[in-house]
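To start, the structure itself, in structure tokens.
The values are calculated or read from the model by the stated rules, or taken from the named source; none is laboratory data. Nothing here was measured: the structure is a model prediction, and the numbers come from that model. Here the Cβ is made from the backbone with ideal geometry for all residues, glycine too, and neighbour counts use every protein chain on show. The accessibility values were calculated without ligands, DNA or RNA, using every heavy atom of the protein model including side chains. Shrake-Rupley method; radii C 1.70, N 1.55, O 1.52, S 1.80 Å.
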Amino acid sequence: MAADDYTLIGRPIPARVDGAGKVTGLTRYADDLFPARLLYGKLLRSPYPHARILRIDTCKAAALPGVKAVITGADLPRPFSIMPVNQDEHALAIDKVRYVGEPVAAVAAVDEETAEAALHLIEVAYEPLPPVMSIEEALAQPDNRIHTYNRVGNVHRVVALEFGDVEAGFAEADYIREDTFFFQGNTHLPMEQHAAVAHCTPDGQITLWSATQTPHYVHRALAAVLDIPPSRIRVIATPVGGGFGGKSDPFAHEFCAVKLSMLTGRPVKICLTREEVFYAHRGRHPVLMWIRTGVKRNGAITAMHFKSFIDGGAYSSYGVATTYYTGALQTVTYRVPNYRFEGLRVFTNKPPCGPKRGHGTPQPRYALEVHLDKIAEDLGLDPVQIRRPHLAKPFSMTVNHLRITSCALDECLDAVVKRSEFLQKHRRLPFGKGVGLACSAYLSGAGLPIYWNEMPHSGVTLQLDRSGSVCVFCGAVDIGQGSDSVLAFTVAEELGIDPRDVRLVTADTGITPVDLGSYSSRVTFMAGNAAIVAARQLRERLFAAVAEHWGIPARHLRAAQGRIFAVTDPSRSMPFAEAVQRAEAKFGTLSASGSYTPPPLAGKYKGHGVGPSPAYSYTAAVAQVDVDPDTGWVTVEKVWIAHDIGKALNPYLVEGQIEGSVYMALGEVLMEEQVFRRGVHKFPSMLEYKSPTFLEMPEVETILIESLDPEGPYGAKEAGQGPLLPVIPAVANAVYDAIGVRLDEIPITPEKVLKGLELRAKGQVARLGPRGIPAFAFPPPRCVEVPEEWLVHLPDAKTRRP
């Protein structure tokens with residue numbers, strides 16, 4: 001079907017299917033649920049960053065009137081983690097606490113005040129241990145171990161990989177440069193706090209309503225931790241008031257709510273306070289990075305060596321994947337013929353880090369894009385000249401075995417350069433004003449599931465009603481990105497009906513097909529494809545019934561505007577509801593299921609499960625800034641951003657996702673940081689944790705580039721995370737263009753700007769950032785054979801499009 005033939009897809013429809021409920025207050029979030037006989041749960045948290053638990057006495061708390069149950073780690077002894085490889089976390093700490101805020105006990109009471117009072121009656125005896133609070137301390141204190149299951153000291157994961165011949169690549173280079181960067185950790189700051197309601201019925205059936213991005217994985221974790229058959233557990237993801245990756249893990253409050261309900265036989269709600277959300281964290285990892293790149297005089301890369309040192313916090317979470325992600329996607333944006341990656345993740349006594357929008361890739365993208373600007377300046381090239389000729393090619397294979405399908409990064413780059421007049425402004429604006437440029441790439445869903453299996457990644461079931469309404473069952477979670485609307489518009493497009501006639505039942509492990517969750521920008525690509533498969537099955541049956549009634553071939557039929565009509569005679573049509581009734585008379589009850597499994601993408605080396613994707617989105621951004629030399633304040637005046645979306649299913653929703661990414665990126669580059677003082681979070685409060693308001697949000701000019709990916713639904717790719725990536729380095733490069741100061745660490749605060757200007761005024765090197773990297777001996781890299789397709793493009797898009 002040609003793009004012009006779509007009635008909904010590609011149209012800028014302002015209405016979201018969940019919009020009215022959200023703006024009128026009808027949407028019910030987890031904390032809005034008040035089942036009968038509800039109890040309120042609270043968690044007692046550790047005041048120490050690192051300590052042994054010597055004794056816990058809950059007698060006084062249990063005796064308090066109104067308290068119905070008290071539990072400790074002994075009641076939930078089985079460990080858990082989102083990743084199967086490191087099950088190192090307990091719902092309640094058992095023998096040791098590893099960060100301030102780690103839960104050690106939980107209570108359920110008749111009201112929140114009684115539950116809070118009970119926490120103060122629980123007596124815990126601790127033996128404080130020296131805290132480990134940085135990457136350097138983690139490596140320098142191997143005997144002060146946070147965990148004992150890992151092989152060496154506080155090292156969680158080490159990766160060393162080489163693709164091609166890196167040393168030969170450096171020998172071929174005309175110029176080699178190396179740089180060091182640091183990206184401070186930060187948190188998600190969702191409007192909605194984490195909340196869960198659990199109910200264990202007398203027959204042993206458990207239902208958990210939770211603000212989670214991954215109900216399927218929470219379901220699996222509950223079964224494992226509670227040692228209960230999965231068939232007796234139902235997880236319902238309530239509408240999520242902001243996730244950004246921060247609600248992708250199973251969390252202690254979910255396990256505790258269920259356990260307390262099992263003990264009391266009553267529903268139990270636990271809603272975290274804002275301070276507790278900072279302790280739950282799972283936010284951006286602090287990462288120290290070192291890059292060495294060899295180039296020819298024209299900027300072509302001959303070899304790259306990238307090292308990342310990652311502060312993972314107290315537990316593993318998604319950390320194994322994070323480690324690989326800090327090195328996986330450098331080759332997807334520019335052609336890198338020889339590549340070595342060494343990554344190291346350490347444990348520290350901080351809240352566990354995890355996936356935040358862009359999971360593991362904003363940090364290296366910031367470093368690489370600033371590094372390329374420095375190389376360009378050294379070679380006498382402008383930022384466009386060093387990038388434009390060396391971009392990744394569509395339908396090609398990277399040196400580290402990542403398959404690229406559609407790629408319109410060249411169009412993205414050309415668009416922002418032209419719209420912003422970048423070349424006319426770069427190095428030509430008055431002191432204090434500057435422009436910066438950067439490019440990036442991101443996944444449209446991970447190519448492999450978190451736990452190994454050969455089952456589909458997403459499923460959709462449709463059921464037609466005689467009234468003409470359609471019910472969509474799908475396990476995907478709408479976390480604000482608009483996935484419910486994508487499902488409704490996709491099904492409505494295929495069946496030719498009004499989206500208002502589509503009912504949605506989503507994110508309920510008891511009745512919806514499995515979807516792995518809202519992470520890695522996967523839902524539109526995977527659930528969208530599954531919905532198309534299911535809808536086309538039903539459309540085929542509808543057409544068969546109508547064709548039989550009219551005595552014409554089914555291929556002559558089309559569905560649109562709530563009717564089935566003959567393309568050879570548009571005046572001949574049938575209402576959709578009548579077509580459903582005729583099809584039901586012919587075939588019986590009308591339902592169909594569709595599923596999506598990515599094509600085989602994994603390479604032949606350990607670790608290649610992280611990085612492959614059915615398709616990659618591409619983005620280019622230009623930022624224009626004004627830097628006040630008296631205060632050090634950086635004002636971003638405008639951002640131009642072009643995103644290769646493949647196909648914009650709804651341009652309004654896509655632009656909203658892109659502008660949300662820009663907003664979040666500006667917070668990270670200019671002010672947000674999760675920092676600690678003497679083992680304690682410095683500001684676990686929205687009053688003190690700096691984040692942009694609408695006053696700091698600049699004008700954003702969004703440009704949608706459609707490359708029509710052959711494997712995406714209608715050609716679509718992701719838009720939820722990728723646009724964040726280039727904005728951070730674009731701002732950093734713009735600041736340098738404005739004041740001649742290199743700030744090689746994030747965030748770029750006024751204090752750092754003033755310090756850099758002071759160095760510049762003294763004639764010293766105007767740079768702030770890390771001086772070096774720890775002396776860590778990585779193992780010899782695992783050398784991986786370059787794929788045969790490295791020098792050969794994959795088949796053309798036209799031959800690959802379904």
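Worth pointing out:
- On the basis of the beta-carbon distance and an R0 of 60 Å, TYR605 and VAL765 show a calculated FRET efficiency of 0.90.
- Solvent-accessible surface ranking, highest first, for ASP111, ASP508 at 1.4 angstrom: ASP111, ASP508
- Each of ASP498 and LYS638 was given a label point 7 Å from its Cα along the Cα-to-Cβ line. The distance between the two points is 4.1 nm.
- Rolling a 1.4 Å probe across all protein chains gives ARG365 an accessible area of roughly 10 Å².
- Multiplying the residue separation of GLN561 and ASP203 by 0.36 nm and removing their Cα-Cα distance gives an extension gain of 124.1 nm.
- Burial ranking of peptide ranges 330-341, 60-71 (average Cβ count within 10 Å, highest at the top): 330-341, 60-71
- Reachable aspartates and glutamates from LYS647, criterion Cα separation under 15 angstrom, eight or more residues apart if same chain: ASP4, ASP5, GLU411, GLU493, GLU655, GLU706, ASP709, GLU711, GLU718
- Whole-Å semi-axes of the range 207-246's equivalent ellipsoid (Cα gyration tensor): 21, 10, 6
- Cross-link reach list, aspartates and glutamates versus LYS418, counting only Cα pairs under 15 Å and skipping chain neighbours closer than eight places: ASP382, ASP410, GLU701
- Taking N as its residue count, the alpha carbon Rg of the range 629-726 over 2.2 N^0.38 Å: 1.36
- Counting only DSSP H runs of at least 4 residues, each contributing -39500 (n - 2.57), and dividing by the residue count of the chain, the helix-based mean residue ellipticity at 222 nm comes to -8000 deg cm²/dmol.
- Nonlocal Lys pairs with alpha-carbon distance under 29 Å, the range 195-312 (8 or more apart, or different chains): 5
- DSSP-assigned coil residues among GluC sites (Glu not before Pro) in the range 423-498, each with at most 11 further Cβ atoms within 10 Å: GLU454
- Phi to ³J(HN,Hα) by Karplus 6.51 cos²θ - 1.76 cosθ + 1.60 over the range 232-242, Hz, x for Gly, Pro: 9, 10, 10, 10, 10, 7, 6, x, 9, x, x
- For the pair SER591 and ALA20, a Förster radius of 22 Å applied to the C-beta separation gives a FRET efficiency near 0.20, rounded to the nearest 0.05.
- Stokes-Einstein D in µm²/s, Kirkwood radius over Cα pairs - the range 690-748 at 25 °C with 0.890 mPa s viscosity: 168
- Two-site FRET efficiency, ASP32 against ALA171, from Cβ-Cβ distance with R₀ of 60 Å, rounded to 0.05: 0.40
- Classified by the C-alpha gyration tensor, the range 560-670 has an oblate form. Its axis ratio a/c, with a ≥ b ≥ c, is 1.5 or above, and a/b does not exceed b/c.
- Within the same chain, aspartates and glutamates fewer than 8 places from LYS60 are excluded, and of the rest, those with a Cα less than 20 Å from its Cα are ASP75, ASP111, GLU112, GLU113, GLU116, GLU123.
- From the largest down, the range 48-160 spans 56, 29, 20 angstrom on the principal axes of its Cα atoms.
- Under 16 Å from a label point set 7 Å out along the Cα-to-Cβ vector of ALA63, the amide N atoms of the range 96-128 belong to 118-124.
- Each Lys or Arg adds one and each Asp or Glu subtracts one; over the other residues with Cβ under 13 Å from the Cβ of GLU136, this totals -1.
- Amide H contacts of ALA560: PHE565, each under 5 Å away and 5 or more positions distant or on a separate chain (H built 1.01 Å from N in the peptide plane; Pro and chain starts excluded).
- Segments 683-691, 391-399, 704-712, 315-323 sorted - mean Cβ within 10 Å per residue, highest first: 315-323, 704-712, 391-399, 683-691
- Placed amide H near ARG234: partners under 5 Å, 5+ positions off or other chain: ILE206, THR207, LEU208
- Links that overshoot a 19 Å alpha carbon limit, given the list LYS433/LYS752; LYS42/LYS68; LYS350/LYS682; LYS356/LYS752; LYS393/LYS717: LYS356/LYS752
- Taking the convex hull of Cα positions in the range 596-656, its mean projected area over all directions (nm²): 7.9
- The accessible-area ordering, largest first, of the residues CYS474, CYS783 stands as CYS783, CYS474, per a 1.4 angstrom probe.
- Annotation: amide H of LYS96 within the under-5 Å range of ILE53, sequence separation 5 or more or interchain, hydrogens built in the peptide plane.
- Shape category assigned to the range 367-490 from the gyration tensor of Cα positions, a/c cut at 1.5: prolate
- Computed with every protein chain present, the accessible area of MET455 is close to 110 Å² [probe 1.4 Å].
- Applying the Karplus relation 6.51 cos²θ - 1.76 cosθ + 1.60 with θ = phi - 60° to the range 778-785 yields 3J(HN,Hα) values of 5, x, x, x, 6, 7, 10, 5 Hz, where x marks Gly and Pro.
- In loop segments of the range 173-242 as defined by DSSP, there are no trypsin sites (Lys or Arg not before Pro) with at most 11 further C-beta atoms inside 10 Å of their C-beta.
- Protein accessible area in the range 176-334, 1.4 Å probe - carbon and sulfur %: 52
- The 1.4 Å probe gives accessible areas that order GLU421, GLU254, largest first, as GLU421, GLU254.
- Per-residue SASA entry for TRP290, accessible area with 1.4 Å probe, Å² rounded to 10: 30
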